[in-house]
Amino acid sequence: MNWGVPDRCGFAQRLMRRLCAMLALACAALIAQPAAAQTIAASAGARATVVEPLGLIKIQDLVFGRIAARPTAGTVTVDPNTGTCTITGPILRVGQCQYAEFAGFGVRRFTVRIAIPTTITLTGPGGATMVANTITLGTAPGLVYIGGNGNGLGNGNRRYQITSNTGIFTMRVGGRLNVGANQAPGVYTGTFNVTVNYQ
């Protein structure tokens, strides 16, 4: 044993042990720390379509032509698809017949509900009248029928989908005019409404 010479190897080993212990404590402290909270965000778009109310304009009137009344009643019917007229009874009819036509403005693939009247009253000289009934909606370019029946809002539920790319569609209306026996001569006129609503 040499008391005068320091034990350098033992000192180095003790120093290494202390350093290792300190490193182990530091690592343990790091491992024990809770993980920092993370926030992750993602973006999405939002979209809405606002449409204007349907536009609807008249293109042409419903015309039954010129009629010569007889002592017996008869009818004149305008086809809503072709605009041609057919008559019943002994009455005579000449001149042009035509269906009423309307143009609508909407949005492709929207569903619309169409109401047409059940009757139209035409008034002539001295308050004489004729009634058109069997009012019928013909084929409607730019629309496809998807369900319902009847004439419309208060009398059935006819629904269509707009199929034209532009959203523009047309509707044609025909009907049957009842001409009375010895109907008074003169010009008879009347008005009627066609209503189109989004559903």
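When Thr129 is tested against the conditions (1) more than 19 Å from Lys58 (Cβ to Cβ); (2) in contact with a Lys or Arg (Cβ under 9 Å, 6 or more places away or on another chain), the lone failure is (2). Scanning the range 116-145 for residues that are without any contact (Cβ under 8 Å) to a residue 40 or more places away in the chain and in a strand (DSSP E or B) turns up Leu143, Val144, Tyr145. Only residues that are at pLDDT 90 or above and either touching a Leu at 6+ places or on another chain (Cβ under 7 Å) or among the aromatic types (Phe, Trp, Tyr) (or both) were counted across the range 117-146, and they come to 3. Hey, could you check the range 74-94 for residues that are more than 11 Å from Gly174 (Cβ to Cβ) and among the aliphatic types (A, V, I, L, M) and say which is modelled with the lowest pLDDT? Only one residue fits best here, namely Val94. Does Thr39 satisfy the criteria of being out of contact with any strand residue (DSSP E or B) (no Cβ under 9 Å at 6 or more places or on another chain) and of a type outside the set (A, V, I, L, M)? The answer is yes for Thr39. Scanning the range 83-115 for residues that are under 25 Å from the mean Cα position of the chain (by Cα) and part of a strand (DSSP E or B) returns Ala100, Glu101, Phe102, Ala103, Gly104, Phe105, Thr111, Val112, Arg113, Ile114, Ala115.
Just one of the numbered conditions (1) crowded, with 18+ Cβ neighbours inside 10 Å; (2) under 19 Å from Thr166 (Cβ atoms) is not true of Thr111: (1).
Filtering the range 179-191 to residues that are surrounded by fewer than 18 Cβ atoms within 10 Å (Cβ to Cβ) and either closer than 25 Å to Arg159 by Cβ or among the polar types (S, T, N, Q) (or both) leaves Asn182, Thr189, Thr191.
For the range 147-167, give me the residue count where each residue is of a type in the set (Gly, Ala, Ser) and either outside any loop (DSSP other than H, G, I, E, B) or at pLDDT below 55 (or both). Step through it out loud before you land on a result.
Step one: of the range 147-167, the residues of a type in the set (Gly, Ala, Ser) are 147-148, 150, 152, 154, 156, 164, 167.
Next, from what is left, pick out any that are either outside any loop (DSSP other than H, G, I, E, B) or at pLDDT below 55 (or both): 147, 150, 152, 154, 156.
Count: 5.
Of the residues making up the range 71-92, those that are buried (at least 18 other Cβ atoms within 10 Å of the Cβ) and touching a Phe, Trp or Tyr at 6+ places or on another chain (Cβ under 9 Å) are Val76, Thr77, Val78, Pro80, Gly83, Cys85.
The values are calculated or read from the model by the stated rules, or taken from the named source; none is laboratory data. A quick note: this is a predicted structure, and the numbers were derived from the prediction, not measured. As a convention, Cβ positions derive from the backbone with ideal geometry for all residues, glycine included, and neighbour counts pool all protein chains shown.
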